[in-house]
């Protein structure tokens, strides 16, 4: 089906199945590919596309000239992922909100299949699909779980493969999981309103974990399906970017400080530091052997986390009580 333009009439509002929300930040070179995939490979549902840009890099001008159906929400600041989606959700009319990263490639009716799964699980507050890297391997963002001290400790020493709670690679049917990847996640508008969307105190990363955690506390299930897949370019090639890793650590600490006791969150912070230290040391040792480029990437990526913990230890330093009751 073709996308439908939004309207103030209740008739048109009732026709929209999915509102696709895209928060852009310095992705002018990628946004056309993302939008082309949506329009060429989505069927089985009516939809609208809403976009907000947080970087003023020319993406809005490109979209306005080449994709006139896209509804652009005006913005003049870097809102981050959560606040950006909260803004878009205020303008959405769909029964479901699809959070879609701009650095993704949609094919094989991934959005339509995700919507079909949502209809099959009416008690699910959020439904996610899989994302893969360009080389076909699974995006590690799809293997997130709600953290515990035990899980953080296991991951710190390289035992992530021993942790369960996500959709196994061999799964061929949808099933409940603990949390989803925000790059490709559909949330019912009812559930979104129940928890008041993303906690805006999260700037970037872990906000989808916090959202899923709060949805589960309200009695909603979280579901992932293997029948809806996209390609995720992962931060436009910045998976070993030091700034990105610091933000990930900062966001994880924000989650721990919001939901855990002071003692537990302090212990969690120590374990996160150990996680970075192990990989930093691997980079130092690897530089004396083969694979020097990979070793340098590891060292540079985790050096700031290890040597300057004050930059991430306290989370985002904003009001941790925001949305705490939702």
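Here, each number is a calculation from the coordinates, and none is a lab measurement. Keep in mind that this is a model prediction, so the values were computed, not measured. Glycine also receives a Cβ, built like all others from the backbone with ideal geometry; neighbour counts cover every protein chain displayed.
Give me 23, 73, 195 sorted ascending by neighbouring Cβ count inside 10 Å, so fewest comes first.
By the 10 Å Cβ count, ascending: 73, 195, 23.
Express as a percent, rounded to the nearest 5, the fraction of DSSP beta bridges in the chain (both residues included) that run antiparallel.
Within the chain, antiparallel bridges account for around 40 percent of the total.
Over all directions, the average projected area of the alpha-carbon convex hull for the chain comes to how many nm²?
About 16.6 nm², averaged over all directions.
Can you give the FRET efficiency to the nearest 0.05 for residue 217 and residue 120, using r as the Cβ-Cβ distance and R₀ = 22 Å?
It comes to 0.40.
By the gyration tensor of its Cα atoms, with a ≥ b ≥ c the square roots of the eigenvalues, what is the shape of region 169-239: rounded for a/c under 1.5, prolate for a/b over b/c, or oblate?
Here region 169-239 falls in the oblate category.
Taking Cα pairs under 8 Å and at least six residues apart, what relative contact order does the chain come out at, in percent?
About 18 percent, as a whole number.
With the crude spin-label approximation of a point 7 Å out along Cα→Cβ, what separation in nm comes out for residue 64 versus residue 32?
1.8 nm
Mean-square fluctuation check for the chain, GNM, Cα pairs under 10 Å: which of 198, 184, 240 is largest?
So, out of 198, 184, 240, the one fluctuating most is 240.
If I take every Cα pair under 8 Å that is 6 or more residues apart in region 1-159, average their sequence separation and divide by the length, what percent do I get for the relative contact order?
RCO, region 1-159: 28 percent.
Take 232, 254 and order them by how many other Cβ atoms sit within 10 Å, fewest up front.
Sorted ascending by nearby Cβ count, the order is 232, 254.
With axes computed from alpha carbons, what is the tilt in degrees of helix 292-307 against the longest principal axis of the chain, rounded to the nearest 10 within 0 to 90?
For 292-307 against the chain, the angle is about 90 degrees.
In 10 Å bins starting at zero, report the fraction of Cα pairs in region 212-278 per bin as a rounded %.
P(r) over region 212-278, rounded to whole percents: 16, 30, 37, 16, 0.
Based solely on its DSSP helices, what 222 nm [θ] is calculated for the chain when runs of n ≥ 4 H residues each add -39,500 (n - 2.57) and the sum is averaged over all residues, nearest 500 deg cm²/dmol?
-13000 deg cm²/dmol, from helical runs alone.
Simple spin-label model, 7 Å along Cα-to-Cβ: residue 314 to residue 135 in nm?
Modelled inter-label distance: 3.9 nm.
How much FRET efficiency would the formula 1/(1 + (r/R0)^6) give for residue 41 and residue 293, where r is the Cβ-Cβ distance and R0 is 41 Å, rounded to 0.05?
Here the calculated transfer efficiency is 0.70.
How much length is gained on full extension from residue 300 to residue 153, taking 0.36 nm per residue of separation minus their Cα-Cα distance?
So the extension gain works out to 50.7 nm.
Could you put 52, 278, 157 in order, starting from the residue whose Cβ has the fewest other Cβ atoms within 10 Å?
Fewest-to-most Cβ neighbours within 10 Å comes out as 157, 278, 52.
State the Kirkwood hydrodynamic radius of region 242-311 in Å, one decimal place, computed from all pairs of distinct Cα atoms.
Taking every pair of different Cα atoms in region 242-311, averaging 1/r and inverting gives 12.6 Å.
Measure out, as a whole number of angstrom, how far apart the alpha-carbon centroids of region 164-234 and region 14-48 sit.
18 Å
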